[in-house]
Structures are given as C-alpha cells and as structure tokens.
Amino acid sequence: MGKKVKKEIESPCKETFEALPVVGKTPATVVLLLSSPEEDILIKACEAIHTFAEKGDENKVCLLGLGALEPLCQLITHNNKLVRRNAFMALGIMATNDDAVIHEFATLCLASLSVDFVCKVKIFENKGLPPLIKLLSSPDPDVKKNSVEIIFNLVQDYQTRGAFHELGGIPPLLDLLNSDFPVIQHLTLKTLQNITTDKDTRNAFREEHGFEKLIDILNNTEFSDLHVEALQVVANCLCDSESVQLIHKGAGLTRLMDFVLTSNTPEIQSTAVKCITRVAQDSENRKLLHELSVEKVLVELFSGADIAVKTSSCQAVAAMSLHLSSKDRFRDLGFIPAVIQGLSSGSHALREAATLALSNLTHNNKDNALAVYEAGGHKILVQQLSESCSRTVANAAATLSNMATLEIIRCGILSHGAMQALLEPLKSTDTQVLINTTQCLALLACDAEARAELQRAGGLLPLVNLLRSYHKEVLNNACFAVNVCASDKPTAVDMCKFGTLEILQEINQSVNRRSNYSKLAMTSLLNFNLSVKYSLTGHLASTDIISDGFYDAGKACAGQRILSLEELSKQSLNQHRPIIVVNPENTEEKKEYKQRNESKPESPTEKSQEMNDFALQGLIKEAKESILTLHEREQYVALARLVSEAMGGAVKIEKMHEFPWVLHLSELKFQLQSNVIPIGLIRKGIYCHRALLFKCLADCIGLTCTLVRGEYNRAWNEVLLFNGNHSKIGCSLHPCRYIIDLMHQPGNLLAANTTAAVQYQTI
C-alpha cells in the first residue's frame, strides 16, 4: 500500500470582473433592472424611469403596463438613500398622470406606505402633498379615498398639518363631506379632527364655512353615523374664545344647542355636551352660553337615564358654575337635589363628576351650600370621603369645605362623623386630596368639641406628618390646620407630643419652606405651651398669662425638644440648673389625694409641694389685699418689693457674689430629691427667679407685664406706664417702657434703653 500524499488545497480565483456600464435602451429593460441587487444599477434605473416618465403621459402609461409600479413601491423603503430618493421621484412623476388607473394604483401604494414615519417624511420632502390635494377632486372615488387616507396619515405631523391649509387643502377636503361614500366621509372627518387642532388651520376652516357644514351634517338625520366624529371636529373649533365669538355671530352656538336637545342618541348627546364643556373653559364663552340658557339644556339632559350623558352634563355644569350667575340659575332649576341623587350612583365616573359639580356650585355661594345641606348632601359627601377614587374624595372634601363656612352646616357635617372620615384622606398620596382635606379639616376644627373628636379619632398624628411635605400648598394648608387645632390646650399639648414644635422650628429655619402659615402655627402652639414658648423664645408677652403647671426649664437651643414637666420630674437628681415650677398640682386635686391616702405618711417631696402651694397662695393673697387698692405706678413698685422680700431682699451689685442662691437651690433639690423646685420654696432667688415670680403674681392680680430672659441667669419684667397725669391737656398719650428693679433697689422703675436699665439686664 502506497503512502498517502496530502492533496494541495486550490486557492480561489482572485480575478474579478471590472465594473460594467449599464445600458438600457428600452423601457422594459430598465424596469427589469429595478430588481437588481446592485445599488448603483438601482439608482440609475430609477433615475432613467423618472426621466422617461417626465416626457409625457404615454410614457407613464407604458411604464405602468410594464409593471414598474410594484418594484418602485418596494424601493422607496430601500436602505440606500439615493435609491429611495429616485424611487420617490419616479413614483411622484407617475402620479401626476391624468390616467385614473395610474392614480388609483399610485395612491393605493402611497396609502400603504404613508403609515410608516420615514415614508411620510419622504412623501412630504418630495413635494407629494400638492398633487395629493389636487387628487381630492378626482372623479374617481377610489382615488379620492386613497388620497384622503394618505393626507390623514401625513397630517399627523405638525409641519405637514400647517402646510396643508397653506396649499389650499381645506376647500377640496370639505367637498368630500358631500361624498356618497361613507368611508370617504369618515376619513375626511378624521382628517379634519387632526388639522383643526392647529389655530391657523381652524381660521382657514372657519373662513371656508366649515363649521356651518358640520352643523348641517349634525342636523341631517341621514348622517347620524357621522355625528360623533363631526362633533369632535366641532369641539376643536370651539377651543379658543375668538373662534367661539365668530361662530356665535353666525348663530352656530344656537344651532348646536338645538341639536343637543333634539338628538336621541346618548353617545351623540354625550359628545355634544363635551363640546359645551370645551366652550365653557373660557370666562367670555361662559357668559355667551349663559345668555343662551345653556343651564336649562344641561339640567334637562341630566334628567335622562343614560349614565354617560349624566356624567358629561355634570362636567359641563362644573365648568359653567365658574360663572356666578350660572350658579344661581342651576339652583333655581332644581339641579342640586338631582345631582345629590347622582352621588349614590353605581358609576364611579358619575360620582366623580357630581362631586366636582357640587364643589364648583358651592364655591363662594352660601345659598347653594344651604341647598346642598337641605337636600341631605352633606351626609352623602362625608361618605364620599371613603371613596377609592382620589378625584371623588378631593371634590367631596372641597365641597364640604365650602359648606363648612356656615355654622349650622358645619355642625351637621360633624354630626355624621366627618372627623373620623377625614383620617384616611389625610394619609393619601394624592396631592389634591391632601390640599382639600387639610383645608376641610381646618374649617371643621374651629370648635373645641370637633378638635376633641379629631383627637379621639387619632387624626392629629397624620396631620402633623403632613408638616413634612415638600409640596408648598399641602404644607401651608397643614400649617393652617395645625394653627386651628392648637386653639385649645389639650390638642396643642397632644400635637407637641408628636414633635410638632420641632418640625415647625425646622420649617421656619428653611428659606424655601417657611411661610406666614408656618409662623402662625408655631405661634399658636406656643401660646398654649407657655413653658415651651419661654424656653424657645425667652419672652412672654403681657397677654401670656402664667397658670398652674408653668415651668422654666431654661433656654432651649433651636430644634431641641423640650421635655414635659412629667418627664423632667422622673429624671434622677443631677447637677444641672433646677427646673422652676409654678403650682404643679391643683389644690382640689391635692385634697382628694390626701383623702385617699390619709393612712400613708407624706414624703418630703409631697410636704414641700404642699408648702409651695401655701407659700405661693399666700403671696397671691397678700398681693391682692395690699396692692390692688394702690394707684397703677404704686402697684408695680409695691409688687416688686413684695417679690424681693420673698426671695431674700435687696442685694447690692458689689455683694452679688456673696449672695448664696446657688447653695440654697442645691439644698432644695437635695431636700426634695428632685430637679424640679416649686417657686414658692425659693427664699434666695436672683434675677431669673424674681422676674418669674413677679410675672406670676402680676398675672394673678391683673397687672400687665412681660417676662424676658437674658444671658447668664438674667431676666427682667417690662411694663408700660404713663408719665404724670396723662388726662391733662398737652401730656403724651404714649406710655413709656420701664424695667422693674427686683434685685438691687426693689421697686425702682428704670426707663428702657437707659444706662441703668441696660446695666440691670446685662453683666
């Protein structure tokens, strides 16, 4: 057996043909070349056909007979740009032939291609729109149908839409409305729907009496299948005030009203009412519609059985209710009781539209609000707050807000559990729901019982949580609601437990989030938390009256949470400054406590607190008996001396370092085993202690003064007094501000901003 020898692999031939010139001497040859895989050949073949077709209609007919149309239609989607361009040019020149057969096939081809975005652009760029507009007047219905279909596809593009009316496309398009073929009429209306979204096109459409032709179609019962599409074009025509005014002058609006009432088809009625809603978006248009008694039309339509018509009618009522006179007209026509019945409908859409209508009807209209109340609408609206549709909830809350401005209605709303019903909407993620709900809450919570109900229902926490919102209107409304809820001590204190003060401090320190609402909410909360107010601001006004339970926990830093007296009382004895408290327990409560625990021995703390009650009450009694009979200036002087005597007497400035107030307070803390010291137990007090006692006694006997905290344990009281007999002619009617010396020369009145006053206020 011989040895196998490896066969050599033959290398492929490296020789290639050189480029051959393409020569086509007959149209048939060139048409065959349209199927070539070579791009150069395709470019030249399309160009040759374009040149050949330009020479006359006979050549175009010849090319059609040779089957040039089909390969050309395929080539307009070719990857090569030049191939596509030349193919479009060839098709375009062939489409200009008057031969109906060519027009039909060419337009049919372009109708299919014009669905594609790239093809639409190419048709427009190659000036395909003018011949297509011309073909709208073709005697052949197939050509008309294909042409209008192509135009419909082309005008989806804004640029083509504007060019259409500039090229005179509106008149031949309107003529197609009279076609005997429904498919052409439908395509025409669909095209009109699109192009009339452009203002300039609307103007051209109106100048060609397009609106009147649409109304003629609407009034023709034989064209009922076209009515919905025609109304959609009408809606476009009525979207700007200028068009409406011109249409109204031609009695177009009147004819539209007549059509709405005479039509018996719910779908058409619903669409027609939507046109009215479109018109009513403008204030001038609403005035026109009111003059045409559109309210009567809408109320009559709402009385029907069809849900879609009812819903559309409600939406139109909501739009028209922005016109003041229409609000009253709807009430007079009995619409309000009828629409309240619609609130119980099984249709979500109708309930939403009905609540929107009621919201607009009751806005700034007390008579309508009463009408809703008298029809029992407030009860159903409270129930609507539990709806799954956020729009319905928002509208219901807005309506209740409008109604709650009247006290009798507000009480009725609350009697149906409105506070409980508002809880879930307060937790919503929908902005409009939150805006309307917080506004409703603020209007309902204007009496103590309503606030107590909100508190019992657990509504304060979700309200406080809304203060963290970064939506401006939600935040402002939440602040306003907090301000209203802080109108009594129980709710104010409860909100503070949820960190409301700390959140408001943060808001008011933010340049972007703070507002007058947040400042007002902060002020309201502090007015019912004077202890916290004094810690944060270091100032109590003459109108801030100290009462039982007030305590001075010292100056607090911004954003720091101030602990309650109960929390401070539970702390272990520490080295920090003591907390000074005014009457921590009520005397009656102490008596009840002692009666319940007569067998138990009193602790040192209990004895001290009882001493405090007696000591402070004794000072108050003495102040009332000895001071109230004096003249105004003498009252302040006498009270200052009483305070000084109770807290260790006068101390010279140079002897202040010898005054043992620190040791005294430490002994009291140790004796009580508490960081909290009743002010009545303090026998050696300095500026801050004396100023607090002076404010407390002054408030108890009806004198007015402020309490201001300074630095390094300084505090003082400021009073307003007239100099001399202010009843005499020529005396100043403006009182002067004085700082009362309680420390060094008790009773001395130091004129504000003088050297002596500044020295008393600072080290």
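Read-outs: derived from the displayed coordinates by stated rules, not from any lab. Just so we're clear, the structure is a prediction, and the values are computed from it rather than from any experiment. All Cβ positions, even for glycine, are placed from backbone atoms using ideal geometry, and neighbour counts span all protein chains on display.
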Open item on the list: Could you compute the net charge surrounding E125? Neighbours are other residues with a C-beta less than 15 Å from the C-beta of E125; K and R count +1, D and E count -1.
Closed with: +4
- [ ] Could you work out how far apart the two model spin labels at L628 and S666 are, taking each label as a point 7 Å from the Cα in the direction of the beta carbon, and quote it in nm?
- [x] 4.2 nm
Task: Förster radius 22 Å - calculated FRET efficiency between T762 and A541 (Cβ-Cβ, nearest 0.05) - done: 0.50
Open item on the list: What do you get for trypsin sites (Lys or Arg not before Pro) in segment 616-684 restricted to DSSP loop and a cutoff of at most 11 other Cβ within 10 Å of the site's Cβ?
Closed with: K652
Open item on the list: Looking at the chain only, what percent of DSSP beta bridges run antiparallel? Nearest 5 please.
Closed with: 80 percent
Open item on the list: Counting only chymotrypsin sites (Phe, Trp or Tyr not before Pro) that sit in a DSSP loop (anything but H, G, I, E, B) with at most 16 other Cβ atoms within 10 Å, what is the longest stretch of the chain containing none of them?
Closed with: 18-469
Open item on the list: Within 15 Å, Cβ to Cβ, of T355, how many net charges do the neighbouring residues add up to if Lys/Arg are +1 and Asp/Glu are -1?
Closed with: +1
Task: Helix-only mean residue ellipticity at 222 nm for the chain, each DSSP H run of n ≥ 4 adding -39500 (n - 2.57), per residue, nearest 500 - done: -18500 deg cm²/dmol
TODO: Please identify every one of the GluC sites (Glu not before Pro) in segment 608-693 that sits in a loop by DSSP and has no more than 10 other beta carbons within 10 Å of its own beta carbon.
DONE: none
Task: (1) 0.96; (2) 1.27; (3) 1.03, with the label sought being that of the calculated Rg/Rh (Cα atoms, Kirkwood Rh) - done: (2)
Task: Within-14-Å neighbourhood charge of V83 [Cβ basis; K, R +1; D, E -1] - done: +1
Open item on the list: For segment 397-476, which trypsin sites (Lys or Arg not before Pro) pass both filters: DSSP loop (anything but H, G, I, E, B) and at most 15 other C-beta atoms within 10 Å?
Closed with: K427
Open item on the list: My understanding is that a pair violates if its Cα-Cα distance is over 31 Å; which of K287/K427; K274/K472; K570/K652; K145/K249; K190/K310 do that in this structure?
Closed with: K287/K427; K274/K472; K570/K652; K145/K249
